[in-house]
Amino acid sequence: MPVAVPIEHVLALAGLLFLLGLIGVLVRRNVMFLLMSLEVMMNAASLAFVAAGARWAAPDGQIMFMFILALAAAEVAVALGIVVQLARRFESLDVDNADEMYG
Amino acid sequence: METAIFYIAALVAALATLRVVTHVNASHALIYLVVSLLAVAVIFFLLGAPFAAALEVVVYAGAIVVLFLFVVMMLNLGRTSVERERGWLRPGMWIGPAVLAAVLLVSFVFVFWGTDAKTSGEMVGPRAVGIALFGPYIIAVELAGFLLLAALVGAWHLGRRYLEERRGADDFPEEDASPDEAAPEASAEGNA
Amino acid sequence: MDLLWLVPAAPLVGFLILFVLHDYLPKVVAAVVGAGSVGVSALAALLVGMDYYEAGAEPTWQLLWTWMSVAGFDPAIRLYLDGLALAMTGVITGVGFLIHVYATGYMWNDHEEPEGYARFFAYMNLFVFAMLMLVLGDNLLVLFLGWEGVGLCSYLLIGFYHRDPANGYAARKAFVVTRVGDTFMALGLFLMFRELGTIEIQQSLTLANEQWSGGDTTMALIIGLLLLGGAVGKSAQVPLQTWLPDAMAGPTPVSALIHAATMVTAGVYLIARMHDIFLISPEAQLAVAVVGLATLFIASFTALVQTDIKRVLAFSTMSQIGYMFFALGVGAWSAAIFHLMTHAFFKALLFLSAGSVILALHHEQDIFKMGGLWRKLPIPFASMLIGSICLAALPFTSGFFSKDVIMLTAFEHASHGLVFWGGAAIAAFMTALYTTRMMIIVFFGEERSEAHDSSRLNMWGPLLVLCALSLLGGWFGFGVVADVLPDGGLGEFSHFSAVALVTMAMPFLGIFVGWLVFGRRVIDVEALAASKAGNALKRFFFGGWGFDWLYDNAVVRPVMWVARINKGDIVDWIYRITVAVTRGAHHVGSLTQSGRLRWYAANMAFGLALFFLIVLGVIG
Amino acid sequence: MLILPVAVGTLVAALFLVWWERRLLGWWQDRLGPNRVGWFGVMQAVADAIKLLTKDDWVPPFGDRAFFVLAPAVVAGAMLMALAVIPFAPDWWIVDVNIALLWFLAMSSLAVYGVLLAGFASNNKYALLGSLRAAAQMVTYEVFMGLSIMGVVIHAGSFSLVDIVEAQDDLWFVVPQFVGFLIFMIAGLAESHRLPFDLPEAEHELTAGFHTEYSGMKFGLIMAAEYVALIVTSCMIALLFFGGWKVPAFLGFLDFLPPVFWFGAKVFVFINFFILLRAAIPRPRYDQLMGYGWKLLLPLSLVNLLVTGALSL
């Protein structure tokens, strides 16, 4: 069932997804979308890892994917807590409201 | 046939992701994100990583994005937020990041294009992953456990009510925590 | 023999339990754990000792585990048992157990530190553990670990009543002064390791004999003197003796265990353990004898004028350890260890009886506020009397056996026999004199205070056992230590000679003079002390021959002065400049910190793009 | 190519389960239940189906139309997809993948979306609350569900359901994995949000929870999905813990009956058991449900997993 596809196609897809996520991070002001874009980027990174693992038929790519998964879970747990606090404190989800910690 | 499925899934993933980034309605964007994740799961499966594919669905789509949706529903981002989102997204804003991303993508693809390498087309099942995970990567597993514990504690702390109450008290939240102010409150509660 | 590990392990477990749970343990449990762990240890030591002699008194090792292994340097945590270690272990666990039992009663209603019952026993157990590691360790590293461990416990227990800053000061003083000695010792150990390439004690001694014996003994002399420095610090000998009297700030069982019976004799143990070094270098050995004799002398005079009962005993301890050093110095190795043992018995007895007296008088320690107590406190009086006659070395008490051997060996010393013997004899006279003075002032004469003897079985029981040991220890004790160390020819002084007679007469003379002066008041001591010369002499003696004054002026004040004028800390300026520069740079850098997340992300992406383009050669 | 028979068969079975459940409940609660249409009221199910099909299919104008339509399809689709990996008898399965168990978990976690979207799209506070509850409840119990079956995976050494059934030749896994079985059953109940864990639709608190605004065939799909979930859960219990299609040892003399009969019999027993639970146990409070999960089931399933792992080393 697994297929042999050119690795550069998979990597190009990973790069495309990653950069779409990056555009999202740079453009969106809503913190929810920011986090979604981050998820997209992490997902793209794990795709690259899995592709690399599949290139050598090694489990390491999947293992890195699982660590990214754990990272994403941890990140989301904390980040969503912050989002809720942000929404309560500023009554808005604009991430630029939270720029008090400059300099 | 399977190769075709790969390219279809790739197309779906790319388009769905594009909609995630550009959509103004948070819940719709999330469903697109789920679609994107499912497409990536299909790609994982086709690359010979069934365990990763399953985890992608179970954990990513089934738990992490559900949390997103949960928060979106809790904050009730309805029509007003869609309007506000439209106001925040001026078309001109897309130009700079898009150019930047294009430069990155081009240089990125330029680096590895034409390597002629193919994925192995072999299945690496859960057993192999498990053995590697609890063999050479055991330290990383422990560290991931610590990370999750830290996230648990952090999320618990952030979710507590008092952070919100401090906001309401006055504009200088750090003074609120001083014990001499906390004491009368406690006694008032005791009287009540 | 397999039980050897249990000897140090039991107090360690006791310590851990008490230390971790000290707030949650009821007093009874703390007492049972605290004294019981040492009891288990003593029992194990007894069994180990019996095995040891059944197996033919051969030194044995027990490997617990390898401490670390770095580039061929792999010190092990390994226990080594020979006669010397066994004698020390017996003293530590046996006397230690009795003192622990006593302490369960002594500390019960402690009004100064009512919350500290479990903490007290935790420290005591830790001390016993560290001391056992010190004597059982087979390499210098473990020995040093135990050495510093007992120092730490000593510090903690001297400052046990930490609410009074004076006690904290005493603890600090003890810590710092012994640290001076420890530095010498550490240097000595380093030097040994460098010269001999091993840290295992037995191996290093063998190597030392091979390398230096008969040849150039300079290195042995240097190492010997450095080790002596360490021993002097720990055992409160001249010139590092000033901490011991102040150490009496701790609870009385602490004084009995640490500052009389065990820790302060660690120096004696160290020199005995390293005796090969001193045999190679006679100069170093002579230095040991001189230090011992000087301490013996100074301390016994000082003890004569003290007014605090515990300080009298402290100076007496100092002088008795001086005896041991002196014995080591004149080559009476076994006698030194023998005296260590008997001294542990009777000095622990003295301290514990003094503790009972103090407790009965509600923590009154001034002997001139006591008096006529023999009727009211019969048990402390009897036990203190027994301790005193042992201390004064009346014939057939334990002190007599050990001290006699030392003095007769000294007389036969090759070069300075007469001087050594004479000095020691005078000190023996002084010992009897100050002991008599103390006994008479404390227990006879008119009553000056109210006393309530409230001691229970767990307090007078140990006293009773120690009485028996003090009286009878001399009869069997020598057999325990006789073959430990190579001196040969001990016990051959049985021939009756004038020297032996004079030696034996000295304590009687001292007691008689003491009785005349303090009992019958043939000489008016007060008047003598009030006279100008007498007063000066008294103050000189009272202050411990001016050592404290000397150190105060020579070390403490200059250091304080330097510290005061260097309040701003000149060296710190370098770091302050660094800080200022960093801070300025930070201010510049912080201008880029807008606090806007997307701004940072954009910068990152921009940098990444720039980097890619440069790597690919598109720009730059 | 069993896809069509299985899908249709399951939906029909779900339809008749509605009638069966009502009959059973009636019997247990000392009342009659549906008994008018057809023999013993069998045709009541058909009548209900006709009613649902012909009813006005109303979409609330204030809600999110796309999601409102999508939600029932997701709920039912996910459950039907889960059926794909279930082996009914030797060689009677739609597909046997080596991660069948994970597929089941994946599908049950996707089913959350249906409930969430249904509640969210209705734009109604009862529906919203119901779907919030559903999301938390299902995400929570998914954890224990996954953990509880890992013991079985350790015993069988495979994620394939066929392998797992084959591994139960000597001993049903319910014996060594009794704790796992209990946890899986409770978690399965919560996952299919049936009584007593039907807090997302608790009718006396939230009207009808996440499907308050639904009617017609969309409601029918949601209902059907619930019964399909019940069937799937019972199938999984039979497969994972009770030897699938294998003949019970104490009924060895009956082994001339086909394997699919035994599978069906076991599934039927569990379905009846779940219906009995509905009749027997009251609904807990929401915080009780969550606390019960995190404070009791999570440690229990972790201990079970640890012990199983340690014993099988």
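The values are calculated or read from the model by the stated rules, or taken from the named source; none is laboratory data. These numbers were taken from a predicted model, which means no experiment stands behind them. Please note: Cβ atoms are built from the backbone with ideal geometry, for glycine as well, and neighbour counts cover all protein chains shown.
Assorted remarks:
- Residue list for segment D:21-33, restricted to those being touching a residue at least 60 places away in the same chain (Cβ under 8 Å) and surrounded by fewer than 19 Cβ atoms within 10 Å (Cβ to Cβ): D:24, D:25, D:28, D:29
- A count restricted to segment D:83-99 and to residues that are over 27 Å from residue D:68 (Cβ atoms), more than 10 Å from chain B (Cβ to nearest Cβ) and either outside any loop (DSSP other than H, G, I, E, B) or among the hydrophobic types (A, V, I, L, M, F, W, C) (or both) stands at 8.
- Of the residues screened, residue C:257 is not one that is in a helix (DSSP H, G or I) and surrounded by fewer than 24 Cβ atoms within 10 Å (Cβ to Cβ).
- Members of segment C:392-407 that are buried (at least 24 other Cβ atoms within 10 Å of the Cβ), touching a Ser or Thr at 6+ places or on another chain (Cβ under 7 Å) and not polar (S, T, N, Q): C:392, C:399, C:407
- Within segment A:72-100, tally of residues that are facing another protein chain (nearest Cβ under 7 Å) and farther than 12 Å from residue A:32 by Cβ: 12
- Residue in segment B:36-50 that is within 17 Å of residue D:104 (Cβ to Cβ) and at the interface with another protein chain (Cβ under 7 Å from one of its Cβ atoms) present: yes
Okay, residues lined up against (1) surrounded by fewer than 10 Cβ atoms within 10 Å (Cβ to Cβ); (2) within 22 Å of residue C:316 (Cα to Cα):
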{"residue": "C:514", "(1), (2)": "no, yes"}
{"residue": "C:537", "(1), (2)": "no, yes"}
{"residue": "C:553", "(1), (2)": "no, no"}
{"residue": "C:556", "(1), (2)": "no, no"}
{"residue": "C:561", "(1), (2)": "no, no"}
{"residue": "C:567", "(1), (2)": "yes, no"}
{"residue": "C:570", "(1), (2)": "yes, no"}
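- Qualifying residue in segment A:52-62 (condition: buried (at least 23 other Cβ atoms within 10 Å of the Cβ), part of a helix (DSSP H, G or I) and either among the aliphatic types (A, V, I, L, M) or in contact (Cβ under 8 Å) with a residue 40 or more places away in the chain (or both)): yes
- The selection criterion, being assigned to a helix (DSSP H, G or I), among the aliphatic types (A, V, I, L, M) and surrounded by fewer than 24 Cβ atoms within 10 Å (Cβ to Cβ), holds for residue D:110.
- Among the residues examined, residue D:163 qualifies as under 28 Å from residue D:265 (Cβ atoms), surrounded by fewer than 20 Cβ atoms within 10 Å (Cβ to Cβ) and of a type in the set (D, E, K, R).
- All positions within segment C:344-391 that are of a type in the set (Lys, Arg), surrounded by fewer than 21 Cβ atoms within 10 Å (Cβ to Cβ) and assigned to a helix (DSSP H, G or I): C:369
- Once segment C:134-151 is narrowed to residues that are in contact (Cβ under 8 Å) with a residue 24 or more places away in the chain and surrounded by fewer than 21 Cβ atoms within 10 Å (Cβ to Cβ), the residue that is farthest from residue C:262 (Cα to Cα) is C:141.
- In segment D:239-253, the residues that are without any contact (Cβ under 8 Å) to a residue 40 or more places away in the chain reach residues that are surrounded by 11 or more Cβ atoms within 10 Å (Cβ to Cβ) and not in a loop (DSSP other than H, G, I, E, B) with C-beta atoms within less than 7 angstrom, at least six apart or across chains, in these pairs: D:247/D:254; D:247/D:262.
- In segment A:22-34, the residues that are more than 7 Å from chain B (Cβ to nearest Cβ) and assigned to a helix (DSSP H, G or I): A:25, A:31, A:34
- Some residue of segment D:177-190 being farther than 26 Å from residue D:21 by Cβ and either in contact with a strand residue (DSSP E or B) (Cβ under 8 Å, 6 or more places away or on another chain) or modelled with pLDDT under 85 (or both): yes
- Any hit, segment C:178-190, residues being assigned to a helix (DSSP H, G or I) and touching a Lys or Arg at 6+ places or on another chain (Cβ under 7 Å): yes
- When C:188, C:151, C:146, C:168 are screened for being farther than 24 Å from residue C:87 by Cα and modelled with pLDDT of 90 or more, only C:188 passes.
- For segment D:153-177, filtering for residues that are of a type in the set (A, V, I, L, M, F, W, C), closer than 14 Å to residue D:101 by Cβ and part of a loop (DSSP other than H, G, I, E, B) leaves 3.
- Of the candidates B:59, B:65, B:21, B:71, the single residue that is more than 7 Å from every other protein chain (Cβ to nearest Cβ), in a helix (DSSP H, G or I) and either aromatic (Phe, Trp, Tyr) or within 24 Å of residue A:68 (Cα to Cα) (or both) is B:65.
- The listed residue being within 14 Å of chain A (Cβ to nearest Cβ) and at pLDDT 80 or above, out of C:602, C:554: C:602
- Residue check for residue A:66: touching a residue at least 60 places away in the same chain (Cβ under 8 Å), surrounded by 19 or more Cβ atoms within 10 Å (Cβ to Cβ) and either in a helix (DSSP H, G or I) or within 8 Å of chain B (Cβ to nearest Cβ) (or both): no
- Test: residue in segment A:48-57 that is within 12 Å of the chain's Cα centre (by Cα) and facing another protein chain (nearest Cβ under 7 Å): no
- Qualifying residue in segment B:84-103 (condition: at pLDDT below 90 and within 14 Å of chain D (Cβ to nearest Cβ)): no
- In segment D:15-55, residue modelled with the lowest pLDDT [restricted to those that are of a type in the set (D, E, K, R) and assigned to a loop (DSSP other than H, G, I, E, B)]: D:36
- All positions within segment B:104-153 that are in contact (Cβ under 8 Å) with a residue 24 or more places away in the chain, within 7 Å of chain A (Cβ to nearest Cβ) and more than 24 Å from the chain's Cα centre (by Cα): B:119, B:120, B:121, B:122, B:123, B:124
- Applying the criterion of being more than 7 Å from chain B (Cβ to nearest Cβ) and of a type in the set (A, V, I, L, M, F, W, C) to the residues of segment A:36-47, the residue that is surrounded by the most Cβ atoms within 10 Å (Cβ to Cβ) is A:44.
- Of all residues in segment D:248-301, those satisfying the criterion of being basic (Lys, Arg), part of a helix (DSSP H, G or I) and surrounded by 13 or more Cβ atoms within 10 Å (Cβ to Cβ) are D:266, D:278.
- The residues listed here are C:33, C:48; of these, the one that is in contact with a strand residue (DSSP E or B) (Cβ under 8 Å, 6 or more places away or on another chain) and not in a strand (DSSP E or B) is C:48.
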